[in-house]
Amino acid sequence: MTLTFGVYPGGSLGDETGLIEPVRPDDPARISAALRELQGDATEFLVRAYRSYASDGHRTPERPEQYATDGRKLDLVLQFGVRGGELDGWTDYVRQVVRTEGPRLAVVQICEEPNLDLPVLDGSIPNVRRALVEGVVAAKEEALALGYRQLAVGFNAVPSFDPADTFWSDLGELADERFHRSLDYVGLDFFPDVFRPVPDGQLADAVRAVVTGFRRDALPRAGIGPAVPLRICENGWPTGPGRSEERQAEVVEQVVRTVAELAERLGVRSYSFFALRDADSAGPGLFHHFGLLRDDWTPKPAFDVYRKLIGELTVRQSGGGALA
């Protein structure tokens, strides 16, 4: 099985309180150069981008279509974000985006982390499960009507460690035949050793446990079977106080190689790193430091590690033989 790699190249990101904007604005020329370097000889590369239905003026990165060239295509997130949960106009919006952006799209993700209740995420929005189900169906119907048969439509979620969490069973009750027929993948956002520390020497085991549990425990509760592919949509490890750049490079190496080892057995199709560049390399919080590059565009060691992994694993897997 061939893994496709990608990265989120924008400067904006959300934490538990709201949006963080970068101390230096996005620079399209530098973003393009970094994307080309990471992609190397890979024939496919995903550029992750975000748009919000509730505030359609906000999108990150700006004009993401400019990066969808030379084998790069968009992994586009359509965040719901309507605070009252009203669905009027939502599916029309989804269809309109597919019509407008279709040739540049590889992936359309409906909603952003609908099972995580934080203010900047869709998990805090009433009616988000219905928005998810109706959005997936609308996006797939529009893609097929326009002949975009390679466009993958799906949604993402985060791991849940709460036995009382009903997200997956609630989704299963709403999901009808049209939804399951339309669903091309489920995405996983996870950040091991970031928000929940992982003991020394146990990072690879933690990754295996989370990805395997997501596939075998969470998805079946919504009636989503093993034939539906997984995508690792957001994964990263920030630097900053007490978190060295050298350790970030080690984490990238371990996590990406572990995901590649799981790809064949668990049906993982892609891995995207979050994020290309720090929002603020001098900032006080975790969310300021997720980048492979510092905020002045100079590379951390992890940038070169990720570049080499993309080259090695893309060639290795597409060249014959899935990883065990």
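Tabulated values for the structure
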{"item": "Residue tally, condition touching a helix residue (DSSP H, G or I) at 6+ places or on another chain (Cβ under 8 Å) and under 18 Å from ARG215 (Cβ atoms), over the stretch 160-199", "result": "13"}
{"item": "Hits in the stretch 176-234 (condition: farther than 19 Å from LEU76 by Cα and in a strand (DSSP E or B))", "result": "none"}
{"item": "Residue in the stretch 46-59 that is polar (S, T, N, Q), buried (at least 18 other Cβ atoms within 10 Å of the Cβ) and either within 14 Å of the chain's Cα centre (by Cα) or outside any helix (DSSP H, G or I) (or both) present", "result": "yes"}
{"item": "Residue check for LEU118: touching a helix residue (DSSP H, G or I) at 6+ places or on another chain (Cβ under 8 Å), modelled with pLDDT of 95 or more and either buried (at least 16 other Cβ atoms within 10 Å of the Cβ) or among the aliphatic types (A, V, I, L, M) (or both)", "result": "no"}
{"item": "Filter pass, VAL251 being under 16 Å from the mean Cα position of the chain (by Cα) and either of a type in the set (Asp, Glu) or crowded, with 20+ Cβ neighbours inside 10 Å (or both)", "result": "no"}
{"item": "Residues of the stretch 41-98 classified as on the phi > 0 side of the Ramachandran plot and of a type in the set (D, E, K, R), total", "result": "2"}
{"item": "Selected residue [modelled with pLDDT of 95 or more, in a loop (DSSP other than H, G, I, E, B) and either closer than 21 Å to ILE232 by Cα or charged (D, E, K, R) (or both)] from ASP304, ASP296", "result": "ASP296"}
{"item": "Checklist (1) free of Cβ contacts under 8 Å to residues at least 40 places away in the same chain; (2) assigned to a helix (DSSP H, G or I); (3) more than 24 Å from VAL137 (Cβ to Cβ); (4) not acidic (Asp, Glu) applied to ILE31, failing item", "result": "(1)"}
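Rundown of residues vs (1) more than 17 Å from the chain's Cα centre (by Cα); (2) under 13 Å from LYS300 (Cβ atoms), yes/no style:
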site	(1), (2)
ALA218	yes, no
ALA222	yes, no
ARG247	yes, yes
VAL268	no, no
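The values are calculated or read from the model by the stated rules, or taken from the named source; none is laboratory data. Bear in mind that the values here come from a model prediction, so they are computed numbers and not experimental data. Here the Cβ is made from the backbone with ideal geometry for all residues, glycine too, and neighbour counts use every protein chain on show.
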